[in-house]
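Student: Sending over a structure as structure tokens; questions will come in a sec.
Only the coordinates and a few stated rules stand behind these numbers; no lab work does. The structure displayed is predicted, hence computed values, not measured ones. We place every Cβ from the backbone using ideal geometry, glycine too, and count neighbours over all the protein chains shown.
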Amino acid sequence: MTGSDDAGRRALPAPLRAFSRALDLLAGLTIGLAGVALVFLIAMMGWLVFGRYVLNDTPTWIERGATLAILAISMPVAAVGIRERFHLSVLGLRESLPPTAQRWIALGCDAIIGLFGVGMAIWSWELVEMVANFRIPLLGISQGWTYVPMVVGGVLIALFAVEQVLRDIFVPEAPEKRGPAAAFLE
């Protein structure tokens, strides 16, 4: 946590500080689980190469399993990117406006991202339900598992966006001046 992030957190009311600390743990758990999944993905790809070139017997299930692993890694970690503000953003227009307008635009963008996360979670869950009875060839598990990472990512995006909206309201500095992303602006 940076000094600026710590100061921003102190500006939040006590319940929001607790919420932010809980999201710290959730973001850390998400990154930790993604790291474990990445290790499994690397092991699976190693087994694929070994099977194909050494045993001359390609384990075909690995390619489909790797696709699921990539989804399970990328969707939740993308949500953490919303929280940590390491996603691409174009700030030229907003930065040319007065500070009050900048804050309103940041608040609006964070609210829209939160709504996107809610929509992503809801409609991805509909996909999970729609294909739950179908099986993924070679893996034998429900096709719904393909869309579960999108549900998780959507829920996390919505949670992290709520935190950002609350920070936009309670912390006076610009969103890009807090968190790890602030290092790239100087």
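Student: Which of the peptides 119-132, 53-66, 144-157 is most tightly packed, and how do the rest follow, judged by the mean count of other Cβ atoms within 10 Å per residue?
Tutor: 144-157, 119-132, 53-66
Student: Here's another thing I want to ask about it. Would you mind calculating the gained length between LEU139 and ALA14 on full extension (0.36 nm times residue separation, minus the Cα-Cα distance), in nm to one decimal?
Tutor: Contour length minus the Cα-Cα distance gives 40.3 nm.
Student: Ok, one more. Which whole-Hz couplings ³J(HN,Hα) result when phi for each residue of the range 115-128 is put into the Karplus expression 6.51 cos²θ - 1.76 cosθ + 1.60, θ = phi - 60°, listed in order with x for Gly and Pro?
Tutor: 5, 4, x, 4, x, 4, 5, 5, 6, 5, 4, 4, 5, 4
Student: Once fully extended, how much extra length lies between ALA132 and LEU91, figured as 0.36 nm per residue of separation less the alpha-carbon to alpha-carbon distance?
Tutor: 10.6 nm
Student: How far is it, in nm, from the label point at VAL54 to the one at ILE31 when both lie 7 Å from their Cα along the line to the Cβ?
Tutor: Label-label distance for VAL54 and ILE31, simple model: 3.4 nm.
Student: For an R0 of 41 angstrom, estimate the FRET efficiency from the Cβ-Cβ distance between PHE170 and TRP123 and round to the nearest 0.05.
Tutor: Calculated value: 0.85.
Student: On to the next question. For the residue pair VAL39 and ALA78, what label-to-label distance in nm results when each label sits 7 Å from Cα along the Cα-to-beta-carbon direction?
Tutor: For the pair VAL39/ALA78, the computed spacing is 2.6 nm.
Student: Rounded to whole Å and sorted largest first, list the principal axis extents of the Cα atoms in the range 60-103.
Tutor: Computed over the range 60-103, the largest-to-smallest principal extents equal 57, 16, 11 Å.
Student: Now for a separate question. Normalised by the residues of the range 10-180, what does the relative contact order come to in percent, with Cα pairs under 8 Å and at least six apart?
Tutor: 28
Student: Ranking VAL165, VAL49 by Cβ neighbours within 10 Å, fewest first, what do you get?
Tutor: By the 10 Å Cβ count, ascending, the order reads VAL49, VAL165.
Student: Continuing with the same structure: Of SER142, SER96, how do they rank once you tally other Cβ atoms within 10 Å and put the fewest first?
Tutor: Taking fewest neighbouring Cβ atoms as first place, the list is SER96, SER142.
Student: Ratio of alpha-carbon Rg to the 2.2 N^0.38 Å globular estimate for the range 10-180, to two decimals, please.
Tutor: That works out to 1.28 for the range 10-180.
Student: Could I ask something else about it? I need two numbers for the range 91-141: Rg to one decimal and Dmax as a whole number, Cα atoms only, in Å.
Tutor: Spelled out, the Cα radius of gyration and Dmax of the range 91-141 are 19.6, 57 Å.
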